[in-house]
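Okay, so here's the structure we're looking at.
The values are calculated or read from the model by the stated rules, or taken from the named source; none is laboratory data. What you see is a predicted model, and the numbers here were worked out from it, not measured in a lab. Note: ideal-geometry Cβ built from the backbone for every residue, glycine included; neighbour counts use all protein chains shown. For accessibility, only protein heavy atoms count, side chains too; no ligands or nucleic acids. Shrake-Rupley method; radii C 1.70, N 1.55, O 1.52, S 1.80 Å.
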Amino acid sequence: LDDAFRDGWRWLAYSLETDGDLIGAEQAYERAQALREEPRTTLHLAFLGPYFPTDMAQIEWARERLPRRLRLLADAGFTAQQPRDLLDRAPALYAYWGGEDLPLHRAIVEFCQRAMPSLQWRAPHVDAWQPPQGRRPRIAWVTNFVHAHTVERMWGGIPRALPGHGFDVRVFTNF
């Protein structure tokens, strides 16, 4: 009813994205941004990708697009105050698409470091770290997904296998 209702365009974009109309979603996100720019919508637009790909062309479109869009955002001076602001639309779906994710992860890391330089802070004691003497190295696994969940099925075998490779593993959860 109101062509200038920014949130209507944003929600239309989200609906089109979940329905697989990526071009329509891109246009609706851009329309929302033209009405009033907002960092969260900027990230939604950059991370745009198919929830349920209909073909390889959609996946390739998103894989090619993401690094380019993140570079453009970083070059334009996009910043964030909190890490959660950067990862509101983390591309978790990419893991389900198959293919090589390393270029995507590198693009995301570079973008996050440029948008929030404090993420590059390194604790001074890290460089002086030495392997523990007299005990196995410890690894903490922090997750909400220790039950019958996709994340547990994908990654759950890792903490179970690590003790056999010489690690002392602790799992922390609030589930």
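Scale the Cα Rg of the stretch 1-49 by the rule-of-thumb value 2.2 N^0.38 Å and send over the ratio, two decimals.
That ratio works out to 0.99.
For GLU37 and ARG106, compute 0.36 nm times the residue count separating them, minus their Cα-Cα distance, and round to one decimal in nm.
22.2 nm
Rule-of-thumb check for the stretch 122-175: C-alpha Rg over 2.2 N^0.38 Å?
This ratio for the stretch 122-175 stands at 1.39.
Using C-alpha positions alone, give me the convex hull volume of the stretch 61-118 per residue in cubic angstrom.
74 Å³
What is the local net charge at GLN33, summed over the other residues whose Cβ is closer than 11 Å to its Cβ (Lys, Arg +1; Asp, Glu -1)?
Net charge around GLN33: +1.
Counting only protein heavy atoms, what percent of the accessible surface of the chain is carbon or sulfur at a 1.4 Å probe?
In the chain, the share of accessible area belonging to carbon and sulfur is 57 percent.
What accessible area per residue comes out for the chain, rounded to a whole number of Å², with a 1.4 Å probe?
66 Å²
Given Cβ point charges of +1 (Lys, Arg) and -1 (Asp, Glu) and nothing else, what value in debye, to the nearest 20, does the dipole of the stretch 1-58 about its Cα centre take?
Here the stretch 1-58 has a charge dipole of around 180 debye.
What share of all Cα pairs of the chain, in percent, falls into each consecutive 10 Å distance bin?
8, 26, 31, 22, 9, 3, 0, 0
Nearest 10 degrees, 0 to 90: what angle lies between the long axis of helix 6-19 and the longest principal axis of the chain (Cα atoms)?
Long axis of 6-19 versus the principal axis of the chain: about 60 degrees.
If the elastic network links every pair of Cα atoms under 10 Å, which of LEU119, LEU16, LEU162 fluctuates the most in the Gaussian network model of the chain?
Comparing LEU119, LEU16, LEU162 in a Gaussian network model of the chain, the most mobile one is LEU162.
Test of understanding: in a Gaussian network model of the chain with alpha carbons linked when under 10 Å, which of ALA92, ALA123, ALA62 would top the mean-square fluctuation ranking?
Among ALA92, ALA123, ALA62, the largest GNM mean-square fluctuation belongs to ALA123.
What distance in nm lies between label points placed 7 Å from Cα along the C-beta direction at THR173 and VAL146?
The two pseudo-label positions are separated by 0.6 nm.
Helix 56-75 versus the longest principal axis of the chain: what angle, 0 to 90°, nearest 10, using Cα atoms?
90 degrees
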